[in-house]
Amino acid sequence: MSELYDVLASAIRSAQPVALAEVVEGPDEALGAKLLVRPGPPVQSLGSLGDADLDRVVTRDALGELAAGLTASRHYGLHGEARARDLTVFIESFAPPPRMIIFGAVDFTAALAKVAKILGYRVTVCDARPVFATAARFPMADDVVVAWPDKHLAEVGHLLGPRDAVCVLTHDPKFDVPAIVAGLTTQVGYLGAMGSRRTTDDRAARLREAGVDDAGLARVMGPIGLDIGARTPEETAVAICAEMIAMRTGKDAPSLRDREGPIHRDLISQERPS
Amino acid sequence: MKEILADIDRWRSEGKRVAVARVVALEGSGPRLPGAAMAVSEAGEVAGSVSGGCVEGAVVTEALEVLNETGRPKLCTFGYSDDEAFAVGLTCGGTIRVFVEPLDW
């Protein structure tokens, strides 16, 4: 008898969202009771924690955890009472991987796609130039799309949520202004744009001309990445991904955007004796 | 969990019983987050991990006990403590709780 496991395994394999709630602490007879919840519509549940009211409350909580991609232990009474602690229910979310869309098929793109893959993202590389946006140049990406950024986001932007990221690496105003404007219409959690401080200032002015307000500009992480002295494409990819992690966890990390001065210090003068 | 599905399928197709161990709580420092999972076949084969290697051996022992003796799920705690009961610990000083159960569901 392995119906519940089979449904769970098949959902995980096909990247369909599913949450497994299980009693891990409580009366002996309740231990190991399981409820599998799939978001709808309509919401589907399989199994039981042993009480209809408890199942109803845990289903609601599991859907909440799943929407946020979170895994947590919660305490309940035997009938789902919120303030009681008779049972500990472990709610594990199996959410589809977060998405990263990288605009611009440049050298930094390959490195960023690699690091993002390691972190578990589903990576799309998008560039309007067919010569550069090829699967052969970006074998690590899940999808390589030849399209204008705003056109692509018009198609997939509604899929983006707080766990997802859009990274604009083109640093060409003709691509990145429409990409950022379109990105700001989505619910994406991280929106970063590459470029020097001069490019960033110039871009801010163009974004304002395009109708972006202060709140919109504040969402854009640019210059992209943490101020860790990254130089190579790979180091820059780490700086970008580290910024995404810090943003998600709410940690106060040194973003380039919030600092001043050159992004790259002059390595030669640094080595000179003072 | 995803990374252990293939091994679980293979063992089950070979007619072996399987136990699953999942990290359900973490206090203090610890290498793997809740949800980290490990599977153990009745033949003692292992897939996945629940820590940085500190407690896997003890989890295998618990899993085989669950499979071959009790048949019942069990919540195990591993961590640094003055309590002699914690024979196996995490060198990083954290405490993890691992739920071990037979895969009969």
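Taken together, the values in this text are just the output of simple stated rules run on the coordinates, not laboratory data. Only a predicted model underlies this, so the values are computations on that prediction, with no experimental measurement involved. Quick reminder, even Gly has a Cβ in these numbers, built from the backbone with ideal geometry, and neighbours come from all protein chains shown.
Relative protection proxy for A:32-38, B:26-32, A:249-255, from highest mean packing down: A:32-38, B:26-32, A:249-255 (other beta-carbon atoms within 10 angstrom).
Evaluate the charge dipole of the protein assembly as shown about its Cα centre and quote only its size in Debye, nearest 20, assuming +1 on the Cβ of each Lys and Arg and -1 on the Cβ of each Asp and Glu.
Once rounded to the nearest 20, the dipole reads 1360 debye.
Secondary structure note: in the protein assembly as shown, about 70% of the DSSP beta bridges are antiparallel. Result for chain A in a Gaussian network model with C-alpha springs under 10 Å: among A:T232, A:T134, A:T200, the largest mean-square fluctuation is at A:T232. Contact order for the stretch B:2-102, expressed relative to its length and based on alpha carbon pairs under 8 Å spaced 6+ residues apart, stands at 32 percent. Computed over chain A, relative contact order equals 12 percent, with contacts defined as Cα pairs under 8 Å that lie 6+ residues apart. Summing charges over all other residues whose Cβ lies under 14 Å from the Cβ of A:V181, with Lys and Arg as +1 and Asp and Glu as -1, gives +2. Here the Karplus curve 6.51 cos²θ - 1.76 cosθ + 1.60, taken at θ = phi - 60°, turns the phi angles of the stretch A:65-82 into couplings of 4, 5, 4, 8, x, 9, 10, 7, 9, 10, 10, 9, x, 5, 10, x, 4, 6 Hz, with x standing for Gly and Pro. Remark: the stretch A:54-201 carries a charge dipole of roughly 180 debye about the Cα centre, counting +1 on each Lys and Arg Cβ and -1 on each Asp and Glu Cβ. Roughly what percent of Cα-Cα pairs across the stretch A:3-94 reach past 19 Å? The proportion of pairs with Cα distances above 19 Å equals 32 percent. Ordering of A:99-107, B:66-74, A:184-192 by packing is A:99-107, A:184-192, B:66-74, highest average first (other Cβ atoms within 10 Å, averaged per residue).
For chain B, set up a Gaussian network in which alpha carbons nearer than 10 Å are linked by springs, and say which option among B:A36, B:A21, B:A63 fluctuates the most. Ranking B:A36, B:A21, B:A63 by mean-square fluctuation puts B:A36 first. Distance from the alpha carbon centroid of the stretch B:46-71 to that of the stretch A:188-215 works out to 52 angstrom.
Of A:K251/B:K74; A:K34/B:K2; A:K174/A:K251; A:K34/A:K251, which pairs sit farther than 24 Å apart, going by alpha carbon to alpha carbon?
A:K251/B:K74; A:K174/A:K251; A:K34/A:K251
Sorted from longest to shortest, the spans of the Cα atoms of the protein assembly as shown along the three principal axes equal 69, 58, 45 Å. Here the spin labels are modelled as points 7 Å beyond Cα on the Cα-Cβ line, and at A:E234 and B:E65 they lie 4.5 nm apart.
What's the average, rounded to a whole number, of partner chain beta-carbon atoms within 10 Å of each residue's beta-carbon in A:23-34?
Neighbouring Cβ atoms belonging to other protein chains average 3 per residue here.
Residue by residue along B:6-15, Cβ atoms of other protein chains within 10 Å of the local Cβ number 1 on average.
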